[in-house]
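Inspection log for the structure reproduced underneath, given as structure tokens.
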Amino acid sequence: MTMLRTIIWFVVAIAAMLGAVWLAERPGSVTAEFRGWRLDTSFGVLMIAVVVLILIGIAGWLLYRWIVGAPGALLDGWGESRRRRGYRELTQGLAAVAAGDGVEAQKHARKAEQLLSEPALTLLLSAQAAQLNGDRDGARRAFSAMLDDDQMAFLGLRGLIGQSLRDGDQAQALAYAERAFRLRPQTPWVVHSLFDMQAQGGQWKAAQETLEAGIRRKVVTADKGRTLKALLEVERSREAEREGRASDALALAREAFGLAPERIAVTQRLAELQLKSGDSKKAMKTIERGWSVAPHPDLVALYLESSGETEALKRVGIVRRLAQQNPGDIESHLALAQASLEAGLWGEARRHLETASGTNPSTRVCRLMAEVEERAHTGPEKVREWLGRAADAPADRAWRCTSCGAHHEAWRPVCESCGAFGTLQWRAPGTYGQILPPEATPGLALPTSSPGSGLPVPAANNTTS
Ligand SMILES: [Zn+2]
């Protein structure tokens, strides 16, 4: 286009020149006067002079444009090709990371770093390549350098949190997580990581603030948030008690119980504190309410302690009162079996165990049966039979982490295996265990014995008592 225009211009100029020459050969004169100067010439010569001046002007302008524009255009072209090569290296490097080839990735990262002027982009590649090669310092350097760039800071923090956790530096990981939370409090992994780290560090109050921010931003569902808040309050209640703030401890436990009575640890905490403050009646009421939604052997012990009853036969009646709150649950039968056993009521104990076990008695049922037979002196072969069955029996309910499945001997706020908070629940592996068969099941007649127990008891078993 530019070329064509130049040619047209030259054609026009030549035509003008020829025209001027033609004019110059013709007679005719021009006289110009300017402040005492006087010019006499022919019209043709004047025209030639004007055209030449115009051509010189155009040539000068083009020359100026070329001189000024050339270096920039040259640099632009060069920079463009550099950037293209840089992006190619970056792409190949990321592909190498995805393929797990650290050495190759590092090679491309180094080249991309030289070619590209945006260091933030290549830093991510360098960090990932270093991680693949096991170069912790290199990865940390690259992630730290990303913190200076607003766009990449969050990504850098994520890398640094992971790196610190792998190095076992909890405090540093927590500091990075707090920073990431300030940058993007709506990002789920940030909320969850920060919450778990704070809980692992026993920073219950801080964890509660993180949780509440998470609930506000809908990162944590309201239902899950309610349970977690209750469990945090249980821990804060323990902390308050240790610090001698008894009324705070009780208030926190009461609030927690209002939020999540279905969590055994919550029921236990409130009942413990009520018992300690001398209000055993309230403690028993709390345990009864807790038992109706989430029974657990520890609650039986606390209930009996609250009752103050020491006489074995009367204790059976007290356990029966608790069991009535949740008559269908296996824990109710096991609690009654245990209390009956301690009172020497072998038949009663057997009946409850048989009701609890259904067709496939669990380890706990088999062991209790063995104990009943041993104390009832029915013969060593019966005891051996039950102990043998206990070895192959299906697993019982236990404290299991709902996040990683790890088994724990006692309840604790943070899973020892995966570090999650509030995930331990009293349940059987995979299933809900040996829950009572439905009432219509053949072979199971419904209660005629055990006055006041309210529990379904197979009548056929009365013969063994
Ligand atoms: Zn776990």
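The values are calculated or read from the model by the stated rules, or taken from the named source; none is laboratory data. From a predicted model like this one, the values you see are computed outputs, not experimental measurements. We place every Cβ from the backbone using ideal geometry, glycine too, and count neighbours over all the protein chains shown. Quick note on the areas: whole protein, heavy atoms, side chains included, nothing else; ligands and nucleic acids left out. Shrake-Rupley method; radii C 1.70, N 1.55, O 1.52, S 1.80 Å.
Hydropathy at least 0.5 by Kyte-Doolittle, axial extent at least 27 angstrom from the Cα trace: which helices of the chain, defined as entire DSSP H runs, fit? Show your work: numbers first, answer last.
On the way: long enough: 2-24 (33 Å, 1.96); 43-99 (83 Å, 0.84); 222-242 (30 Å, -1.15).
Membrane-span-like by this criterion, though nothing is claimed about a membrane: 2-24, 43-99.
Pairs of Cα atoms nearer than 8 Å and 6+ residues apart set the relative contact order; for the chain it is 6 percent.
Dipole orientation for the chain: of the candidates Leu132, Gln92, Ala253, Gln92 has the Cα lying most toward the positive pole (charges on Cβ; Lys, Arg +1; Asp, Glu -1). What distance in nm lies between label points placed 7 Å from Cα along the C-beta direction at Asp148 and Arg5? Reported label-point gap for Asp148 and Arg5 is 4.4 nm. Using Cβ point charges alone (K and R +1, D and E -1), the dipole size of the chain about the Cα centre works out to roughly 1040 debye. In this simple spin-label approximation, Asp279 and Ala70 carry label points 7 Å from Cα along the Cα→Cβ vector, and these lie 9.5 nm apart. Inter-label distance, Lys218 to Glu409: 4.6 nm, where each label sits 7 Å from its Cα along the C-beta direction. What a 1.4 Å probe finds exposed on the chain is 57% carbon and sulfur by accessible area, rounded to a whole percent. By the Cβ-Cβ criterion of under 4.7 Å, the unpaired cysteines of the chain are Cys366. Summing +1 for each Lys or Arg and -1 for each Asp or Glu, what net charge is found among the other residues whose Cβ lies under 9 Å from the Cβ of Arg315? Residues near Arg315 contribute -2 overall.
Given the alpha-carbon gyration tensor of segment 64-151, what are the semi-axes of its equivalent ellipsoid in whole angstrom, ordered largest first, with each equal to the square root of 5 times an eigenvalue?
Listed largest to smallest, the semi-axes of segment 64-151 are 32, 15, 8 Å.
Accessible area per residue for segment 212-351, computed on protein heavy atoms with a 1.4 Å probe, is 43 Å². Among Ala339, Gln198, Gly214, whose Cα projects farthest towards the positive end of the dipole of the chain, with charges put on the beta-carbon of Lys, Arg (+1) and Asp, Glu (-1)? Checked the options; the winner is Gly214. Taking the DSSP bridge list for the chain and keeping only pairs wholly inside it, about 100 percent are antiparallel.
Full extension of the segment from Glu118 to Arg375, taken as 0.36 nm per residue of separation minus the current Cα-Cα distance, would add 84.5 nm. How much FRET efficiency would the formula 1/(1 + (r/R0)^6) give for Val12 and Arg85, where r is the Cβ-Cβ distance and R0 is 45 Å, rounded to 0.05? The pair Val12/Arg85 has a calculated efficiency of 0.50. Binning all Cα-Cα separations of segment 27-66 at 5 Å, short to long from zero, yields these whole-percent fractions: 5, 21, 18, 16, 16, 11, 9, 5, 1.
The count of lysine pairs in segment 213-310 that are at least 8 places apart or cross chains, and whose C-alpha atoms lie under 28 Å apart, stands at 8. Here r is the Cβ-Cβ distance between Thr359 and Gln170 and R0 is 51 Å; the resulting FRET efficiency, rounded to 0.05, is 0.60. Amide H contacts for Ala428 (H built 1.01 Å from N in the peptide plane; partners 5 or more residues away or on another chain; cut-off under 5 Å): Ala398, Gly433.
Ranking Trp66, Thr423, Val293 by how far each Cα lies toward the positive end of the dipole of the chain (charges on Cβ) leaves Trp66 at the top.
Direction-averaged projected area, Cα convex hull, the chain: 44.1 nm², rounded to one decimal.
Each peptide in 6-12, 100-106 receives the mean, over its residues, of other Cβ atoms within 10 Å, and ordering these scores from highest gives 100-106, 6-12.
Taking other residues whose beta carbon is less than 14 angstrom from the beta carbon of Leu115, and scoring Lys, Arg as +1 and Asp, Glu as -1, yields +4. Normalised per residue, the accessible area of segment 113-207 is 49 Å², obtained with a 1.4 Å probe and no contribution from ligands, DNA or RNA.
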